[in-house]
Amino acid sequence: EVIEPCGELRPRGVCTQRRNLEQARSRGLEAEAETRVGDAWRLRASYTLTDSKVVESRTDPRFEGLWLRRVPKHQAAAQATYESARGFGGTVQLRYQGARYEDDLNVDVIDASLVADLRLSRRFASGLEVALDVQNLFDSEVEVGKNPDYAELGQPRTLLAGVRYRWQGAARSAP
C-alpha cells in the first residue's frame, strides 16, 4: 500500500515522521583506563554512562521527560592487545551497548548487545604489515532497530584483510 509521505510500505510496515525537539538534555560520565602488562601486553577498558532526556517538545508534549530514542544508558568496551618483538600481534575486543528505546514514547526496547572482535597482524622489518580483522566474531544477532512486528539486525560476522606499508623515515603515529 502507498502511504504518504512514506511511499510504498510492506504489509504491517510503519510510517513515521520525525521532527526536531525544542530542547533535549544529555549528561553523563565517561571513564577510560589503560595499562601495560610486561612489554607485550596492553589492556584497555572504557565505560560511558549517559542520561539523555527530552526537556521540551511543543509538537508532542508526551515526549517531555522521556528518554531520547536509540541512546543507551550504558556503553562499555574492553580490549587486550598483544604485540611480540617478532612482529606478531593480536587484539581481542568486547563491546557492550545497553538496552535503549526505539521509539519516542519509550515503548519498544532494543535489546542490549555484546559483540566480540578479533584482529591478528604481522609486521615485517621492511615496513610491511598484514592484518586480518574479524568483526562480530561470534556472529551475534544485534538489534539496531525495531518495531512491534520485526527487529532490524546489525552487521553479521565480517572479515577484513589489509596490507599497510610504511616508508622508511615516514612519521610514525603513537601506539
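The values are calculated or read from the model by the stated rules, or taken from the named source; none is laboratory data. Please read all numbers here as calculations on a predicted model, not as lab measurements. Cβ coordinates were reconstructed from backbone atoms using ideal geometry, including for glycine residues, and neighbour counts include every protein chain displayed. Protein only, heavy atoms only, side chains kept; ligands, DNA and RNA dropped before computing areas. Shrake-Rupley method; radii C 1.70, N 1.55, O 1.52, S 1.80 Å.
Whole angstrom only: what separates the Cα centroid of segment 1-57 from the Cα centroid of segment 100-125? When both Cα centres are located, 11 Å separates them.
Taking R0 as 25 Å, what FRET efficiency do you get between Asp60 and Thr158 from their Cβ-Cβ distance, rounded to the nearest 0.05? It would help to have the intermediate numbers written out before the result.
Details: r = 38 Å, r/R0 = 1.52.
The formula returns an efficiency of 0.05 here.
The label-point distance for Lys73 and Phe88, in a model that sets each label 7 Å from Cα toward Cβ, rounds to 4.4 nm. Distance between the 7 Å Cα→Cβ label points at Gln23 and Ile3: 3.3 nm.
Amide H to amide H distances under 5 Å link Leu128 with Arg166, where only residues 5 or more positions off or on other chains count and H is placed in the peptide plane. In this calculation the C-beta distance from Val130 to Leu105 is compared with R0 = 45 Å, giving a FRET efficiency of 0.35. Under a Gaussian network description of the chain, with springs only between Cα atoms under 10 Å, the residue in Tyr101, Tyr150, Tyr82 that fluctuates furthest is Tyr150. Summarising the amide proton neighbourhood of Ala99: residues at separation of 5 or more, or on other chains, whose placed amide H is nearer than 5 Å comprise Ala112.
Accessible surface area normalised per residue over the chain is 71 Å², counting heavy atoms of protein chains with a 1.4 Å rolling probe. Compute the distance in nm between two label points, each set 7 Å from the Cα along the Cα-to-Cβ direction, one at Asp139 and one at Arg44. Each label point is offset 7 Å from its Cα along the Cβ direction, giving 2.9 nm. In the chain, inverting the average of 1/r over every pair of distinct C-alpha atoms gives 19.8 Å as the Kirkwood radius.
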